[in-house]
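Enquirer: Take a look at this one; I'll ask things after.
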Amino acid sequence: LFMSGDFDKNPEVSPQAAPEADEFASRRARYLLGTLRLEHDPFCAPTAELELQINPEDSPFFSYFVDPPYRLTGTRVRQPLLDHLKQPQPSCVYGQAGTGKTAVKTMLEAECRALPEQTLVVSLSLGKGEPVQLDETLLWQRLTEALAVDLFVQVIEQLDSLQKVLKPALVAELSRFWQAHIPQFRRTVKRELVRTASEASDISTWWRVWDRPVIRYTPLTAGRKQFVEAVLGQAGGKRKGEEGNGRSQFQQGLKLAQQCGYERLYLLIDVPGGTRPNELDIAELLHFLSDLTDFSLPIYYKLFFPLSFQPDAEYLFVEENMTLEMFTAVLNWNQPRALQKLLEQRFRTAGSWIRNLNTIIEQPVVAEINKLLQQEANQSPRFLLQTISRLIDSHANHAPDIFLITLEDWQRMVARWGEIYKGQV
């Protein structure tokens, strides 16, 4: 059950059920790693957030990713979605729950950080736990905190190329900004520095504290250690006259980013799938974004919205005069070939010669099981992966040493998950 891939819906496992869960996981491993000879389980997590937690130092998420299919709402020339999003222009990507908005946003952040080109990427999630009416004070606070975190992460990652501009006075200003706007900054960095024992240590694991993806090996070189210690050596708090309002504090962060050599900022805002327009004041959010002008750095927002936001958002974009040079796309997995490509990539990453799920299904029922899978997936890669993971569980628990999955495995899966859902109601 732990390995089923449906982390959001699994009930808590009681102590009495733990041995059964362990046996379940053992049989699953026997089937995937033994019978199918995969190098690892490519179906154990259905979402980008969970995949990034699997071996965070070298997450399989980046190998699994395939540029998703999408529908253009304008007349632009079609090219890979990430190529569009990396352009210095405002963008909005819509998608139903489970279509991969967060995966695209995470991959965009990773590619911009890997090849920075004087671009600072700031990532902000809204929706879960937010008040319906977005208070402007709260938005400035959240945005300034996100800017502080991402500026710290990316300055450390790119320290070798930034060292010429990081003079002592700028380091002191950065330190004060980070300590003022990153919660428990000094305590957190001191703790992580103690845990990082040697220069061979990879400090990119620090980013997980602030929910930022690890995208590349970042060793604790002598230069990085010296920089971090210099930052910690500065007095915290704001100097007299620095309090200001939210806008001025954000502007202060942008000026520091500019002094570090950044020439533009990409603001990535992700609203979780399933959020409805009446659960988040998108009018207030878009009005707030339309005011992000006349700063020391040009700001290009990259929005990742649930599909249900599209009618209201498109109207508000016009009302707020936010349509100039804007790129808009809708994630659309209605072609079976697109989902097949996603599965091929997972098998390939797991070191398998298998390229098609049909290879591990009994031939007489291939068409029937494919039809059932398409129905369950409902054009969602997340739902497809969840269903395949449950099907693997069902087969492995029954016959882990048998190569082919059968229709009976599907029927057992339906019966088992039906019982689980009944128990949760």
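Enquirer: Does Glu408 meet the test of being over 19 Å from Ala25 (Cα atoms) and either among the basic types (Lys, Arg) or at pLDDT 95 or above (or both)?
Expert: In short, yes.
Enquirer: Asn321: closer than 21 Å to Val66 by Cα and exposed (fewer than 14 other Cβ atoms within 10 Å of the Cβ), yes or no?
Expert: no
Enquirer: Any chance you could count how many residues in region 162-204 are more than 18 Å from Gln234 (Cα to Cα), within 26 Å of the chain's Cα centre (by Cα) and in a loop (DSSP other than H, G, I, E, B)?
Expert: 2
Enquirer: A follow-up question, please. Are there any pairs, at least 6 apart or on different chains, whose C-beta atoms fall under 6 Å, with the first in region 160-176 and of a type in the set (S, T, N, Q) and the second open to solvent by 20 Å² or more (accessible area, probe 1.4 Å), and if so, which?
Expert: Listed by first residue and then by second, the contacts come to Ser175/Gln234.
Enquirer: On to the next question. What number of residues within region 66-103 satisfy the criterion of being among the hydrophobic types (A, V, I, L, M, F, W, C) and within 28 Å of Leu162 (Cβ to Cβ)?
Expert: Matching residues across region 66-103 total 2.
Enquirer: Do you know which residues across region 344-375 are assigned to a helix (DSSP H, G or I), loosely packed, with under 15 Cβ neighbours inside 10 Å and basic (Lys, Arg)?
Expert: Lys371
Enquirer: OK, next. Just checking, which of Gln118, Gln89 is surrounded by fewer than 16 Cβ atoms within 10 Å (Cβ to Cβ), over 29 Å from Pro311 (Cβ atoms) and not aromatic (Phe, Trp, Tyr)?
Expert: After ruling out the rest, the residue left standing is Gln118.
The values are calculated or read from the model by the stated rules, or taken from the named source; none is laboratory data. Just so you know, these numbers come straight off a predicted model, no measurement behind them. FYI the Cβ positions are ideal-geometry reconstructions off the backbone, even for glycines, and counts take in every protein chain you see. Note: accessible area is taken over every heavy atom of the protein model, side chains too, but ligands, DNA and RNA are not part of it. Shrake-Rupley method; radii C 1.70, N 1.55, O 1.52, S 1.80 Å.
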